[in-house]
Amino acid sequence: MKRLEQLPEMTNDMLGGLHATQELKNEILKDAKAAMQDGKAHLRSSAWESKRIKQHGPRNKSTFQRSLAMACMLVVLLGSVVGFPTLIGMDIKNKQSAIVTHTGGEPSLDNIATVALDVPQGSMVISQRAKPAYRGVWASASGANFPLICVEGRYYRLLTNPTDLGNDLLGKALGTVDTYTSEPALASSGIVSNTAKEGTKVYAVSGMKDAMVAAEVDGKMRAFQRVSFGSSALVGGETLANTLKADKVVAMELTKVGTVTDKTEAQKLYKILTDNAFLARAGASETSSSLLIQLENGLVLQMAVRDESVMACGTWNCPEFFEAFEKAVK
């Protein structure tokens, strides 16, 4: 009998032309079942006999070698076809990802935390904490577009909070939804929405000028924040302050940096942002970091954050703001 170190060579000879496919797996299982039933070995005209086995010794000794190599081959093939992929799949399936990301504007927390944000006006309060997780108040997209209203070329995105805007925050009526469509970009004029039904009244939000609007959605008055849509952002000579109109800021929260709850400090930071930010581009991409701005009226505005830029209605670069925010937190 040959020594065990010759086993790899014999196995390689016998495995020549074999491929670990589902078809081969089926053949193995079928032959094994037949062998158990009639006690005989079963060979078929397939890759099993595609390569002749080299004789490494007398004929009467090769039977044991062939059986041993065949057993090894079955273990390898069954492992390849059945066991190994399953184990790998289970490992990937059960493995907890070390990095969890969210698209800005998508529901950014787990179910419990999302419900916590979905509460009446004024109940979401930014509290002091060291390094907050990513939070957002933009309603998630449905299909290609996020839920929006377009008024005179200005686009507004639905907020998850508040779930029912109080009458005390309703401003003047701006008109009614002229066009209800799933493709707002195709509408050319009037008030357009993919969320508020045709004929729904659209209002300004008190004290927010062009930065927010309100409209009834599913029987409740909802708030919409000014954002960019496609290549549309600013209208005329607007600035960042026009798209936020957050004159009375009481708190701010910046993902992975911290929170500022002192009203005076928060207002200073807002002024640094609006005085120094410059428009980098009209579009805005969504990220897994956010800047939340809480106002005295209880409303919370969101901006996506990337590097030293904030994004909502356009992308605005402002290194001074981020530097000042870190100092304020410390």
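All of the numbers you see were taken from the coordinates with simple rules; none came from a lab. Computed from a predicted model, the values in this text were never measured in an experiment. With ideal geometry, Cβ positions are generated from the backbone for all residues, glycine too; neighbour counts draw on all protein chains shown.
Odds and ends about this structure:
- Cα shape, the range 291-330, gyration tensor, a/c 1.5 rule: oblate
- Rounded to whole numbers, the Karplus 3J(HN,Hα) couplings from phi for the range 218-228 are 6, x, 10, 6, 10, 9, 10, 9, 5, 9, 8 Hz, using 6.51 cos²θ - 1.76 cosθ + 1.60 with θ = phi - 60°, and x at Gly and Pro.
- Each Lys or Arg adds one and each Asp or Glu takes one away; over the other residues whose Cβ falls under 11 Å from the Cβ of D247, this sums to +3.
- Using θ = phi - 60° in the Karplus curve 6.51 cos²θ - 1.76 cosθ + 1.60, the 3J(HN,Hα) couplings for the range 260-269 round to 10, 10, 6, 4, 5, 5, 5, 5, 4, 4 Hz; x is entered for Gly and Pro.
- The amide H of V202, built 1.01 Å from its N in the peptide plane, has L174, G175, T176, V177 as neighbours under 5 Å, considering only residues 5 or more places off or on other chains.
- With θ taken as phi - 60° and the Karplus curve 6.51 cos²θ - 1.76 cosθ + 1.60 applied, the whole-hertz 3J(HN,Hα) list for the range 296-306 is 4, 7, x, 7, 10, 9, 10, 9, 6, 10, 8 Hz, x standing for glycine and proline.
- Paired Rg and Dmax values of the range 266-309, which use every Cα atom, in angstrom: 11.6, 30
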